[in-house]
Structures are given as C-alpha cells and as structure tokens.
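One structure is given here, and the rest of the page talks about it.
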Amino acid sequence: MTRRKFAGAAAAALGTVTAATMAFSQAQGQERPGWFLQGSAPDPGGRVIVGPGGRVIGPTPATGGGRGASLAGSVPPCSRSPLCGNRLGPARSSLQRVQWKQAMGYTYAYPVDLPEGGGGASAVGIDSKGNLWVFQRNAIGNPQLFEFGPDRNLLRTVGDDVIGHQEKAHGMAIDAEDNVWICDANGATVMKLSPEGKLLMTLGVRGKRGDWDEAKGQRLLWQPLDIAFAPNGDTYIAEGHSNESPNDADSGDPVNNIGAARIIHLDKNGKFINQWYGNNVGQGKFSMAHGIAVDPRNGNVWIGDREEYRLVVYTGDGTFVKTMQMRNLTCAIDFDPQGNLWLATGQDGQLLKIDQDGNVLGAVGNGSGLGHGQFIETNYMAWDKQGNLYTGDTSVGRVTQMLPPRK
C-alpha cells in the first residue's frame with residue numbers, strides 16, 4: 001500500500017472510530033458539565049451552633065465544645081514528614097477550588113436535628129429499613145451515634161457506655177445484615193454494632209495505635225478512617241490520614257513503626273486475609289486512604305487518596321488496576337443503589353457523579369460555605385430507597401439531604 005493510500009485508510013478508520021465514540025457518548029446522554037474556580041470558606045472546625053432546619057445560627061460558646069476534649073491528648077500531630085505539608089506554601093484556606101456547574105436538578109433539605117452545639121457530622125448510613133444513622137463528633141459524655149427512623153424522628157442514641165468516647169469519629173458503614181460499623185481514627189478502633197445498637201465486635205485496641213501483624217497475633221489499627229464491604233461480606237478497612245497522621249515510621253514502639261497508609265482485608269467475621277500499603281515502590285501508590293468503596297459488580301476496591309487528588313483502584317485481592325488523577329479532593333467514594341459511582345470532594349463542597357474513568361457526569365452542592373446546600377467538608381454518603389442522597393459535614397453539625405427531581 002502506498003503512503004497516500006495508507007494515510008487515507010487510516011483517516012477513514014479514525015473517522016469511523018470518532019463517529020462511533022461520539023454516537024456512543026450521545027446515546028449515553030453523558031454531556032459533561034463545565035467547571036470554574038471558587039474560593040474557600042473559613043473552616044469553623046465543628047464549632048458552630050446549628051438550629052432547626054440546618055440553619056447555622058452562631059459560633060459555639062467558649063464554655064461548650066463541639067468536638068470536646070480528646071480522649072487523652074495522646075495522638076501527636078504529623079511531624080518529620082513531607083506529608084505534613086510545606087510550611088512555606090499557602091494555607092489551605094487560600095485555595096481556589098474547582099466547582100462543577102450543576103444541571104442535575106437536585107434540591108436540598110435538612111431532615112434531622114442534631115444536638116445544638118455538637119460537632120461535625122462525620123458520616124451517615126441508611127439501613128434496609130430506611131433508618132438514618134449519623135456519626136457525630138461530640139464532647140465526652142455526649143452521644144455520638146444517632147438512629148433516626150424513616151420519618152426522621154429520633155429512635156435511638158448510642159452513648160459512651162456502649163462505644164466509649166470516640167476520640168475522632170470518622171467513617172461509618174452499614175453491612176448487608178444492618179450491622180453498623182464505626183471508625184475512631186485517633187482511638188485506633190473499628191467497632192461493629194447490632195441493628196439495635198449493641199456492641200458486637202471491636203477491632204484494634206482502644207488508644208493503642210499500631211501495625212496489624214497476623215503472624216504475631218498482633219491485631220492493631222493505625223488511623224482507621226473508613227470501611228467498605230464486598231458482595232460476599234468481606235470487610236476492607238482504609239487507614240491513614242497522610243498530612244494529618246502521626247509519622248510513626250521512626251517510632252520506638254516495636255508494634256508501631258510502619259507509619260504508612262494501608263488497606264486491611266478481613267472476612268465478614270473479622271478474620272485476616274490480606275493487607276497492602278500505599279508507599280510501596282511502583283504503580284498504585286497512595287499517601288492517604290481517606291475513603292474506600294467496593295464495586296458491587298466486580299469486587300474492585302476504590303481508594304480516595306484525598307490530598308493527592310486521585311483515585312486508586314485495586315482488585316479485591318490487592319492487585320493494582322489503575323490510578324486516576326482528579327481536579328478535586330477525593331474524600332469519599334461510593335456506589336449508589338444503581339451502581340453509579342460518586343465522589344465526595346470534602347472542602348471543595350460538592351458531590352460528583354463520575355464514570356469509571358473519573359470523568360465528571362454531574363454535580364450536587366453549592367460549594368464551600370455555611371449557606372443552603374453548601375458544605376465546609378462533605379464526606380461519606382448514603383442513599384435511601386427513594387433515591388435521595390445524604391451526607392454529613394465534618395465541620396458542621398448537620399446532615400444534608402439532596403433530592404433529585406421527580407419524574
């Protein structure tokens with residue numbers, strides 16, 4: 001074939017592929033939204049009073065405290081590591097954040113009232129009965145776990161007498177049997193509770209941050225942040241806050257000296273299967289495992305590496321699949337009941353519907369702030385049977401319900 005004929009054939013083939021791709025995209029109706037930059041809102045750190053209907057009515061009085069005192073002040077700040085942040089760079093509050101134009105037609109509501117003066121609502125979950133569970137950061141002695149019925153009236157509080165004080169309430173997930181799992185990042189535990197709020201199992205040792213070494217019978221956790229379940233009931237725990245984590249790599253404690261983000265894989269009864277680390281050489285690195293989700297169709301494990309603005313995907317047994325660089329913080333990742341993939345962008349203030357390649361298909365949320373439909377830090381997500389989307393705000397004591405347009 002001559003060069004000219006080859007070029008013509010190649011051009012024709014490329015035109016066919018391009019046309020087919022465009023036709024496929026149009027058939028799927030996936031017109032992607034545009035984006036723009038918007039400044040950051042000041043972070044109140046959970047120290048605001050939220051009144052009825054989710055309205056912020058003022059700062060927390062000096063005598064109160066949303067987050068309250070820590071358990072023992074035993075968790076040091078990140079130090080001696082580049083992951084602690086470049087002190088010569090600008091503050092996070094000065095960041096211009098990527099905002100995606102909204103065209104999905106969602107509206108916003110605040111369906112439950114949490115205790116006034118409480119801290120941020122770090123996570124939410126919905127069980128098979130439609131009950132809404134909320135995990136909140138509160139002062140010692142105040143409940144941190146709440147169950148609201150389908151009518152969103154309060155059914156139950158779970159207090160320190162059951163779960164102890166959660167030093168840094170973080171992720172929460174509800175399994176197929178309606179058991180509620182909660183993560184205490186700084187307290188170094190993951191707890192499993194029955195649908196009635198009774199403690200069934202504790203993973204890790206309270207107040208003892210460390211490495212899981214099954215060969216030694218050493219079952220410690222290091223900054224557990226989130227949990228996800230495979231279709232067969234296997235449990236995945238995401239560990240490691242990166243820029244907020246204590247750097248334990250040089251720890252003199254022999255049971256706690258790895259100091260790296262990691263994923264721990266257990267069966268549904270808590271038996272160890274595998275673990276893998278994010279700071280290994282080669283593809284698939286992650287400096288933080290802030291969010292985790294399991295694809296219900298193939299069992300792949302999705303990790304939100306928040307401060308690196310990326311998603312990292314592994315198979316269920318820990319084999320690296322791919323990395324996707326994003327324009328937004330990747331605080332939480334989840335699949336809705338229809339199998340669609342969603343990303344919570346934390347301090348960027350939106351929840352994004354994305355495809356399996358990380359392309360943004362739609363956005364919900366009015367960005368960074370304390371106003372209606374805004375967030376200081378949106379995080380872990382849940383859906384009810386009507387298709388409504390829920391999320392808490394780690395820095396504001398309220399839960400936002402996002403209602404899609406009704407057909």
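To the nearest ten degrees, helix 3-28 and the longest principal axis of the Cα atoms of the chain are 40 degrees apart. Per-residue extension of 0.36 nm, minus the Cα-Cα distance of Glu214 and Met104, leaves a gain of 34.9 nm for this segment. In order along region 174-191, phi translates into HN-Hα couplings of 10, 7, 5, 9, 6, 6, 9, 10, 10, 10, 9, 4, 7, x, 6, 9, 10, 10 Hz, rounded to whole numbers, per the Karplus curve 6.51 cos²θ - 1.76 cosθ + 1.60 with θ = phi - 60° and x for Gly and Pro. List the residues of region 283-325 whose backbone N lies under 12 Å from a point placed 7 Å from the Cα of Ala249 along the Cα-to-Cβ direction. So the set is 287.
Starting from the alpha-carbon convex hull of the chain, give the projected area averaged over all orientations, in nm². Intermediate values should be presented prior to the final figure.
Numbers: hull surface 93.8 nm².
The directionally averaged projection comes out at 23.5 nm².
Using R0 = 22 Å, the C-beta based FRET efficiency linking Gln325 and Val281 works out to 0.70. Checking Cβ-Cβ separations below 4.7 Å across the chain identifies Cys183, Cys331 as cysteines lacking any candidate disulfide partner. With each run of n ≥ 4 DSSP H residues scored as -39500 (n - 2.57), what mean residue ellipticity at 222 nm is computed for the chain after dividing by its residue count and rounding to the nearest 500 deg cm²/dmol? -2500 deg cm²/dmol, from helical runs alone.
Each residue, Cys78 and Asp384, gets one label point 7 Å from its Cα in the Cβ direction; the gap between the two is 3.7 nm. Excluding same-chain neighbours fewer than eight residues apart, the aspartates and glutamates reachable from Lys353 by a Cα-Cα span under 14 Å are Glu31, Asp334, Asp336. In sequence order, region 396-402 has phi-based couplings of 9, x, 8, 10, 9, 9, 10 Hz under the Karplus curve 6.51 cos²θ - 1.76 cosθ + 1.60, θ = phi - 60°, and Gly or Pro positions carry x.
No lab work stands behind these numbers, since they all come straight from the coordinates. Just so it is clear, the model here is predicted, and its values are computed rather than measured. Cβ sites come from the backbone with ideal geometry, for glycine too, and all protein chains shown count toward neighbours.
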